[in-house]
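Right, one structure below, let's go through it.
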Amino acid sequence: MEKESDLANNHQDLEFYGVMRFYFQDAGQKVATKCMRISSTASTADVINNLIEKFRPDIRMLSVPEYALYEIHENG
């Protein structure tokens with residue numbers, strides 16, 4: 001059981017975590033997926049650097065070293 005002071009400290013940080021699934025699609029329409037645990041305090045640069053590390057084998061195979069990040073919603 002957490003002490004009252006521990007609970008107060010957790011709420012003061014206002015940090016939470018969630019798991020997000022990311023998809024990498026190459027020019028040949030081949031898709032790879034990875035899940036990442038993301039902190040609410042992570043910067044965009046942190047997330048992108050982690051994605052590059054996770055997808056590195058797939059990204060290395062690109063003939064043109066360009067890629068983009070899109071947000072896709074389940075409802076379209």
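Just so it is clear, none of the values below were taken in a lab; they were calculated from the coordinates. Quick caveat, the model's predicted, so the values are computed rather than measured. Here the Cβ is made from the backbone with ideal geometry for all residues, glycine too, and neighbour counts use every protein chain on show.
The local environment of THR41, defined by Cβ-Cβ distances under 10 Å, has a net charge of -3 under the rule Lys, Arg +1 and Asp, Glu -1.
Give me the base-10 log of I(q)/I(0) for segment 15-60 at each q in 0.16 Å⁻¹, Debye formula, one uniform scatterer per Cα, rounded to two decimals. Log10 I(q)/I(0), no solvent term: -0.46.
For the peptides 47-56, 32-41, 13-22, the ranking by packing is 47-56, 32-41, 13-22, with the highest mean count of neighbouring Cβ atoms within 10 Å listed first.
Note on GLU71 and LYS34: the model spin-label points, each 7 Å out from Cα along the C-beta direction, lie 2.1 nm apart.
Given a Förster radius of 22 Å and the C-beta distance between SER43 and PHE16 as r, what FRET efficiency does 1/(1 + (r/R0)^6) yield to the nearest 0.05? The pair SER43/PHE16 has a calculated efficiency of 0.90.
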